[in-house]
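Trainee: Input: one structure, supplied below.
Since every read-out is calculated from the coordinates, none of them should be taken as a lab result. The model shown is predicted, which means the values in this text are computed figures rather than measured ones. Cβ coordinates were reconstructed from backbone atoms using ideal geometry, including for glycine residues, and neighbour counts include every protein chain displayed.
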C-alpha cells in the first residue's frame, strides 16, 4: 500500500513565537516499510513547552531539530504496519512521532516508542497518564518530598503539569498556592482544590504573594522561570526546595534571557535547594508514579483538562498557544 | 578581682566596607561574676565574611547585631573565672566571644561555647580544626559527594575555607580548579595541589574557565557569589552540584545586590542542584569531619595558613581585609 504523509519540516530557526513560514508543510509518499520498522498513523500530537527549545540551535538535553527535519514532538498513533516483532498492527503507541500524519520509523531508544494500553481516552493518556503527569509526580513527590502542612507554590499552575502538581500537593496535605493568568484559569484552580490563587495578569505577584504565603514557602514548583523566582526567594522557609521544571517566561523563546534573581544568597540563609530536573531521567522508573496517578484518576481525585486543536496544518499556531497562555489545560492536536 | 574590658560596640550600620567610625571602642569595668557565668580572657578573634552580614539590619540566620551591642565574632579564649560547673579556670574555649578583650557570659546554646583541647596551636584550631575546616568538609564531602575523577571548581580558593576545599577535593581524587586573586595566591594554590588556577584579578574568568574545565564542571564550591556563577552554569555537567557557601562579591557588603545569573535554565538541562548551606546545621554532627581533618593535618596532608593581625584596636580594619582580598589565609586577630 502507498501511504501519503503530510509533515512539517523546519526551514528557519524561529525567533520568539513561531511563524508558519519558519516551517514548510510537505506532502510525500512514504517508501515501503523495511525490516525492523513500523508504520504509525498518528492520531494525537502532544505540545509541550520544551518542544520550542528543540527548535533553537543550542545544545540541550536532546540535539536541536535540524533544518529540513520533521519537527519533533510526542504523540499517540496506531500501528498500521509492522516489520518489528515488538509491535503489531493495531497497537496503540506513544513516542516522538513528530508533526506529521504518519511516522515510519525503526524504533530506537531515542524515539522512546512504547505500546500503551487502549483503556483510557487518548487525551488522558497524553496528559495525566503520560509524561505530563509523571513530570508533576517526579518533581513534587520524588524530589520535593512534600510534608503535610507545608506550603507549596506552583507557577503555571493551570497548565498541564502545574494543575497536576496542585492536586497532588493537596492530596499530600499541603497548603497550595497557584499562580496563573486570568480569572477563568484561577477560578478553575480553586475548583480543583488550590487554597489560594494569584492571577498574574491582573495582580502584582510581588505584592500578592507575601499576603497569601503567610507561613512562607516550603516548596516552589516552578514551571515558568523568570522574575517570580526572585520574589519567591524572599519568602522561602528553612530547608525550602525550589524545583525548576521549566522556564516558559524566559528560557524557550527569548534570544537574550532576562537577568536572574539577585537574591540567590537567600538559598544560603535558608539552607535551601534549587534543583532542575527532566522527566526523561525518571521515565524508566515511573511505574510507581503511574500506579498512584491511575488510582487517583479512577477515583475521580485528579481532575484534568485538555485543549484539543484540530488539523495538521495548525501545528505551528498550536505550539504558540503554550506561550501566549491561550491553552486551557494540556495542549493537544487531533490530526 | 576587678577586670577592665575593652570592647567594640556598633554605633552605625556600615555601608560597604566598614569604617572605624561605624563603631566605638569602649573601656568598661566588668561587674562581679554571677552564678552560671564564666569569664573568658580572649586570645584570638576569628574573622569570617558572614560577620559582615550580621552588621546589616536584615533578618538572617542570626539576629542582626544591635546598635550599642558588642560586635559579634567567634574566637578562642581562656577561662579565668567560672561559676558554671561545665567550665573550669584554665579551660580553653571557643565560641562567640565578640570584639572585646574579655567576655563575661552565661553560656547558652546560641553562644555555642565549647571547651577545646589544648593540643594544636590556637590558629590551627580556629582554622582547619574549627568551623572553617568543618564548613569545607560539610559542603564538599557531605553535600557535594565528590567522586574520584570529577572536576571540582572552587572560588575564593585561596581563602580559609576555599583552600581546605581544594585540598580535600584532591585527597578525594578530583581534578581541582581554583579561582583566586593575584599571582601570589595562585602560586600558593598550585603548591597545595590545585591542578589549574585562574587569577581573576589579571585574567578574564569567563574566557579562561572553558580552557581549563575541558571536561566540564561537576562540583562548584562557591565562596564568592556574583557573576562567576553565570559562567559556571554554562559549563556544568549532568548531575552537577553547585554549593553556595558564601557571597563575598555581592551578598555581604552591597546595598543593591547585582543581578543574578540569567541561565538558571541550565540547571534543568543538566539536572543539576544548587544548594545553600550553613555550617551551623552541621556542627552538632561534626565529629566525623574533625576526625578526618585532624588525621590529614597530623599526616601533613592539609596545608593551612593564617593571617594574624594584632591589637584589639584593629578589629574593623581586619574585617575589611576579607573583602579587599588582602588576607592570606584564615583571617585572625591576636588580642
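Trainee: At a Förster radius of 45 Å, what calculated FRET efficiency corresponds to the Cβ-Cβ distance of residue A:108 and residue A:215, to the nearest 0.05?
Mentor: The value I calculate is 0.40.
Trainee: Further, regarding this structure: Looking only at other chains, what is the average number of their beta-carbon atoms within 10 angstrom of each beta-carbon in B:276-284? Provide the component values of the computation, followed by the final result.
Mentor: Working: counts 13, 5, 5, 0, 1, 3, 0, 0, 0.
The per-residue average across the peptide is 3.
Trainee: How big is the gap, in Å, between the Cα center of the stretch B:65-92 and the Cα center of the stretch B:125-182?
Mentor: The two parts, judged by their Cα centres, are 30 Å apart.
Trainee: Still on this structure, I have one more. Tell me, what is the FRET efficiency for residue B:78 and residue B:191 to the nearest 0.05, using R0 = 35 angstrom and their Cβ-Cβ distance as r? Walk me through the intermediate numbers first.
Mentor: Working: r = 34 Å, r/R0 = 0.98.
The pair residue B:78/residue B:191 has a calculated efficiency of 0.55.
Trainee: For the pair residue A:313 and residue A:89, how long in nm is the line joining their label points, each one 7 Å along Cα→Cβ?
Mentor: In this crude label model, residue A:313 to residue A:89 measures out at 3.2 nm.
Trainee: Helix-only estimate, please: 222 nm mean residue ellipticity of chain A, summing -39500 (n - 2.57) across DSSP H runs of length 4 or more and dividing by its residues, to the nearest 500.
Mentor: Values: 10 runs with 80 residues, N = 335.
The helix-only estimate for chain A comes to -6500 deg cm²/dmol at 222 nm.
Trainee: Now for a separate question. Kindly identify the stretch B:193-252 as rounded, prolate or oblate by the Cα gyration tensor criterion: order the square roots of the eigenvalues as a ≥ b ≥ c, call it rounded if a/c is under 1.5, otherwise compare a/b with b/c, prolate if a/b is larger, else oblate. Numbers along the way, then the final one.
Mentor: On the way: a/c = 1.63, a/b = 1.12, b/c = 1.45.
Oblate, because a/c is 1.5 or more while a/b does not exceed b/c.
Trainee: If you take the square roots of the eigenvalues of the alpha-carbon gyration tensor of the stretch A:148-230 and sort them as a ≥ b ≥ c, do you get rounded (a/c under 1.5), prolate (a/b over b/c) or oblate? Present the calculation step by step, with values, prior to reporting the outcome.
Mentor: Values: a/c = 1.42, a/b = 1.12, b/c = 1.27.
Note, shape of the stretch A:148-230 comes out rounded.
Trainee: Then there is this: Nearest 10 degrees is fine. How inclined is helix B:315-324 to the longest principal axis of chain B, computing both from alpha carbons?
Mentor: 0 degrees
Trainee: Let me ask another. Put a label point 7 Å from Cα along the Cβ direction on residue A:212, then list its distances to the equivalent points in the other copies in nm, shortest first.
Mentor: 4.7
Trainee: Regarding the protein assembly as shown, what whole-number volume in Å³ per residue does the convex hull of its Cα atoms give? Display every interim value, and only then the final one.
Mentor: Numbers: hull volume 113.5 nm³, N = 670.
With only Cα atoms used, the protein assembly as shown gives 169 Å³ per residue.
Trainee: Also: For the stretch A:131-281, rounded, prolate or oblate, judged on the Cα gyration tensor with a ≥ b ≥ c (square roots of eigenvalues), a/c < 1.5 rounded, else prolate if a/b > b/c?
Mentor: Details: a/c = 1.12, a/b = 1.07, b/c = 1.04.
Rounded is the answer for the stretch A:131-281, as its axis ratio a/c remains below 1.5.
Trainee: Still on this structure, please answer the following. Once the label point is set 7 Å along the Cα-to-beta-carbon vector, what list of distances in nm do you get between residue B:31 and its counterparts in the other copies?
Mentor: Once sorted, the set of distances for residue B:31 reads 9.4 nm.
Trainee: Right, another one. Would you mind listing the distances between the residue B:90 label point and the same position in each other copy? Use 7 Å along Cα-to-C-beta, nm, one decimal, shortest first.
Mentor: Its label point is 9.3 nm from the equivalent points in the other copies.
Trainee: Tally the DSSP beta bridges in the protein assembly as shown and give the antiparallel ones as a percent, rounded to 5. Spell out each step's value before the answer.
Mentor: Values: 64 of 114 bridges.
Here the share of antiparallel DSSP bridges comes out near 55 percent.
Trainee: Okay, next question. Would you mind calculating the relative contact order of chain B from Cα pairs under 8 angstrom and at least 6 residues apart, reporting the percent as a whole number?
Mentor: Values: 727 pairs, mean separation 59.9, N = 335.
With pairs under 8 Å counted, the relative contact order is 18 percent.
Trainee: Calculate, for residue A:120 and residue A:21, the FRET efficiency according to 1/(1 + (r/R0)^6) with r their C-beta to C-beta distance and R0 56 Å; round to the nearest 0.05.
Mentor: Numbers: r = 38 Å, r/R0 = 0.67.
My answer for the efficiency is 0.90.
Trainee: OK, next. What fraction of the DSSP beta bridges in chain A is antiparallel, stated in percent and rounded to the nearest 5?
Mentor: On the way: 30 of 55 bridges.
Around 55 percent antiparallel, to the nearest 5.
Trainee: Here's a follow-up. Give me the number: length gained by fully extending residue B:207 to residue B:62, i.e. 0.36 nm times residue separation minus the C-alpha to C-alpha distance, one decimal in nm.
Mentor: Full extension of this stretch gives 48.4 nm more.
Trainee: Just grab the label-to-label distance for residue B:35 and residue B:227, each label 7 Å out from Cα along the Cβ direction, in nm (one decimal).
Mentor: A separation of 6.1 nm, rounded to one decimal place.
Trainee: Report the relative contact order of the stretch B:131-281, percent, no decimals, based on alpha-carbon pairs under 8 angstrom and at least 6 residues apart. Show your work: numbers first, answer last.
Mentor: Details: 305 pairs, mean separation 32.2, N = 151.
Dividing the mean separation by the residue count of the stretch B:131-281 yields 21 percent.
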